[in-house]
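K.L.:
Just dropping this structure here.
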Amino acid sequence: MSIVVVGSVAYDDVETTRGNVTDALGGSASFFAVAARFFTPVSVVAVVGSDFKAEDRQRLVDRGIDLRALEQREGKTFHWHGRYHEDMNVRDTISLELNVFEGFAPNLLPDQRRCDYLFLANIAPELQERVLSQVSTPKLVAGDTMNHWITETHDELVKLLSRIDILTLNDEEARLLSGEHNLVKAGRAILAMGPRVLLVKRGEYGVLQFSKEGMFAVPAYPLEEVVDPTGAGDTFAGGMMGFLARHGRVTESSLRTAVVYGSVMASFVVERFSLDRLFELTWEEIDNRYRAFIDLIDSHHSRWITQ
Ligand code: AMP
């Protein structure tokens, strides 16, 4: 089953304690699509400027990503500049230029309007809404956003939430959206806004899932070295939704497996800058880390300690 994703395709300047990159390929839709493509076909709905490099387009095409709905317009590609603190869970946005995204009005192709899985990656809620309204009968709609949109376009975003099945946010965004500092209270308040499932991404502390069935938590895969956390959230979403689309059924147990696959994919992207690690990743590496992850969280051993 294929996924349609709308989000940003960007050039990023990123500074971390491990180094800097400028004009590196990024954007929420790019990270999502490259991660999800390991599981299932993906179409990207976005816009880039005349400065978008042919080699970057080719890198996405080579991974089998459908770019028929990636428009190229006169002007500059979306540009984001972020700086991470020593504690890489914390970052500052130094600048954010929407560029060609201003005035962008995406139109899906007939086959994309019939998609079963839709991901509204982080971009203006107005664009997320426009894409959502063109999809006829989606089986599953998931979405993401960022503090910028929570504060700048709060009402549009809240309106959208009632039409989203799975919402992914980081902890800071969950607090901002709900006005609650405690994450359990924040989770409950956000579920009351519409989504059936809320996945709170907590950087190196992992993911907390809220649904009416209760809570589920997974840690992040422990890594010796994190080079660049940019895109971890979108990559998590790509692995999570890619698994669900490939599996074809959304149940409490497939959702839990999907959260683990999302965490596995996110654990790779942070090992290098930009999309570099994802572009060289193999299915065998994913499979091995998935097994290592299951081993990490498997509690069977603890059972015989108490018996
Ligand atoms: P993440 O680290 O998962 O939050 O995603 C980082 C990516 O999101 C970067 O590649 C940026 O280009 C992109 N990005 C940053 N801010 C925004 C925004 N307000 N809207 C859309 N995309 C953004």
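The values are calculated or read from the model by the stated rules, or taken from the named source; none is laboratory data. Since the model is a prediction, treat every value here as computed from it, not as a measurement. Here the Cβ is made from the backbone with ideal geometry for all residues, glycine too, and neighbour counts use every protein chain on show. Quick note on the areas: whole protein, heavy atoms, side chains included, nothing else; ligands and nucleic acids left out. Shrake-Rupley method; radii C 1.70, N 1.55, O 1.52, S 1.80 Å.
K.L.:
Name the residue, out of ASP23, ASP56, that is modelled with pLDDT of 95 or more, within 14 Å of the ligand (Cβ to nearest atom) and open to solvent by 70 Å² or more (accessible area, probe 1.4 Å).
P.N.:
Just one listed residue meets the conditions, ASP23.
K.L.:
For segment 242-253, does any single residue satisfy the condition of being charged (D, E, K, R), touching a strand residue (DSSP E or B) at 6+ places or on another chain (Cβ under 7 Å), in contact (Cβ under 8 Å) with a residue 12 or more places away in the chain and in a helix (DSSP H, G or I)?
P.N.:
No, every residue in segment 242-253 fails to be charged (D, E, K, R), touching a strand residue (DSSP E or B) at 6+ places or on another chain (Cβ under 7 Å), in contact (Cβ under 8 Å) with a residue 12 or more places away in the chain and in a helix (DSSP H, G or I).
K.L.:
For the subset of segment 26-42 comprising residues that are open to solvent by 10 Å² or more (accessible area, probe 1.4 Å) and over 16 Å from LEU275 (Cα atoms), which member is farthest from the ligand (Cβ to nearest atom)?
P.N.:
Only one residue fits best here, namely PRO41.
Residue-by-condition table, conditions (1) in contact (Cβ under 8 Å) with a residue 12 or more places away in the chain; (2) farther than 25 Å from THR77 by Cα:
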residue: MET88; (1), (2): yes, yes
residue: SER95; (1), (2): yes, no
residue: GLU102; (1), (2): no, no
residue: LEU109; (1), (2): yes, no
residue: LEU127; (1), (2): yes, no
residue: MET146; (1), (2): yes, no
residue: HIS154; (1), (2): no, no
residue: LEU157; (1), (2): yes, no
residue: ARG163; (1), (2): yes, yes
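K.L.:
Tell me yes or no: at least one residue of segment 203-220 is within 16 Å of the ligand (Cβ to nearest atom) and open to solvent by less than 20 Å² (accessible area, probe 1.4 Å).
P.N.:
So far as segment 203-220 goes, yes, one or more of its residues are within 16 Å of the ligand (Cβ to nearest atom) and open to solvent by less than 20 Å² (accessible area, probe 1.4 Å).
K.L.:
As an exercise: evaluate VAL61 against (1) out of contact with any helix residue (DSSP H, G or I) (no Cβ under 9 Å at 6 or more places or on another chain); (2) in a loop (DSSP other than H, G, I, E, B); (3) among the β-branched types (Val, Ile, Thr) and give the number of the one condition it does not meet.
P.N.:
VAL61 satisfies all of (1) out of contact with any helix residue (DSSP H, G or I) (no Cβ under 9 Å at 6 or more places or on another chain); (2) in a loop (DSSP other than H, G, I, E, B); (3) among the β-branched types (Val, Ile, Thr) except (2).
K.L.:
For GLU280, which of the numbered conditions (1) without any contact (Cβ under 8 Å) to a residue 24 or more places away in the chain; (2) touching a helix residue (DSSP H, G or I) at 6+ places or on another chain (Cβ under 9 Å) fails to hold?
P.N.:
It fails just one condition, (2).
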